[in-house]
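The values are calculated or read from the model by the stated rules, or taken from the named source; none is laboratory data. In this text, all values refer to a predicted model and were calculated from it rather than measured experimentally. So basically every Cβ, Gly included, is an ideal-geometry build from the backbone, and we count neighbours across all protein chains shown.
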Amino acid sequence: MFIQTETTPNPETLKFLPGVGVLPSGSVDYRGPEEAEASPLAQSLFGIEGVAGVFLGTDFISVTKQGGEWYHLKPLILGVVMEHFTRGLPVLMEQPSESVDRGAGMYDEADGEVVEQITELLETRVRPVVAQDGGDIVFHGFQEGVVYLHMQGACAGCPSSTMTLKHGIERMLCHYIPEVTEVRAI
């Protein structure tokens, strides 16, 4: 098994590509070992001292460190990922509940058509690009012209995430959807 690694814009996060499917669809973001009960893979990764976050995508795993250096952590992470997949262990004990419904969120029903346009642009233009950087973005709501988004994986806490939101996502949404005036991270 050959596992590729990629840097992300977040220097505290590395992206690991095991060359096999990780999740059948969607993504799961664990910010600590207590959240990772449903994932044997995430639990094993949190067993490595210095691992602060594990994000599982359809074909990648992003690991966020707290302290430590990548040259120490990377071989340990590669070993855990390789052992997990070569032993054929499940990534998740059960399929995650779709509590993070991509089209769900807080918004007025009268704005349903606008929200549909927002989620369509996020799904087709933003999420694929963000996934390349080892993260995900989830629609959280739309109120009074403001789109609320939740950054996950490598994007959570990334120094450039504010620039991505303001100069990338906000500009695009405002350009295509006049009702959007601002984008904020939650």
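Residue by residue, here is whether (1) in a helix (DSSP H, G or I); (2) modelled with pLDDT under 95; (3) outside the structural domain of F46 (by TED's automatic domain parsing) holds:
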site	(1), (2), (3)
T64	no, no, no
G67	no, yes, no
L73	yes, no, no
L76	yes, no, no
M82	yes, no, no
M93	no, yes, yes
V100	no, yes, yes
Residue check, E12 more than 25 Å from C158 (Cα to Cα), in contact (Cβ under 8 Å) with a residue 24 or more places away in the chain and not assigned by TED's automatic domain parsing to the domain that holds C155: no
G157 fails exactly one of (1) of a type outside the set (D, E, K, R); (2) under 18 Å from V22 (Cβ atoms); (3) in a loop (DSSP other than H, G, I, E, B), namely (2)
Evaluation of L122 against (1) exposed (fewer than 13 other Cβ atoms within 10 Å of the Cβ); (2) modelled with pLDDT of 90 or more; (3) under 17 Å from S25 (Cα atoms) (one fails), failing number: (1)
With L89, L45 as the choices, which residue is within 27 Å of S161 (Cα to Cα) and touching a residue at least 12 places away in the same chain (Cβ under 8 Å)? L45
Is region 166-176 home to any residue that is at pLDDT below 85, part of a helix (DSSP H, G or I) and either assigned by TED's automatic domain parsing to the domain that holds F55 or not β-branched (V, I, T) (or both)? yes
With the requirement that a residue be within 25 Å of D108 (Cβ to Cβ) and without any contact (Cβ under 8 Å) to a residue 24 or more places away in the chain, what does region 145-186 give you? L165, K166, E170, R171, C174, H175, P178
Residues satisfying the stated conditions in region 4-50, i.e. hydroxyl-bearing (S, T, Y) and touching a strand residue (DSSP E or B) at 6+ places or on another chain (Cβ under 6 Å): T5, T8, T13, S27, Y30
Residues V114, V138, V130: which one is outside the structural domain of G32 (by TED's automatic domain parsing), touching an Asp or Glu at 6+ places or on another chain (Cβ under 8 Å) and either over 24 Å from K15 (Cβ atoms) or part of a strand (DSSP E or B) (or both)? V114
When region 57-75 is examined, which residues are found to be under 18 Å from G32 (Cα atoms), out of contact with any Pro (no Cβ under 9 Å at 6 or more places or on another chain) and of a type outside the set (K, R)? G57, S62, V63, T64, Q66, G67, G68, L73
Screening E170, E113 for residues that are among the acidic types (D, E) and surrounded by fewer than 17 Cβ atoms within 10 Å (Cβ to Cβ) leaves only E113
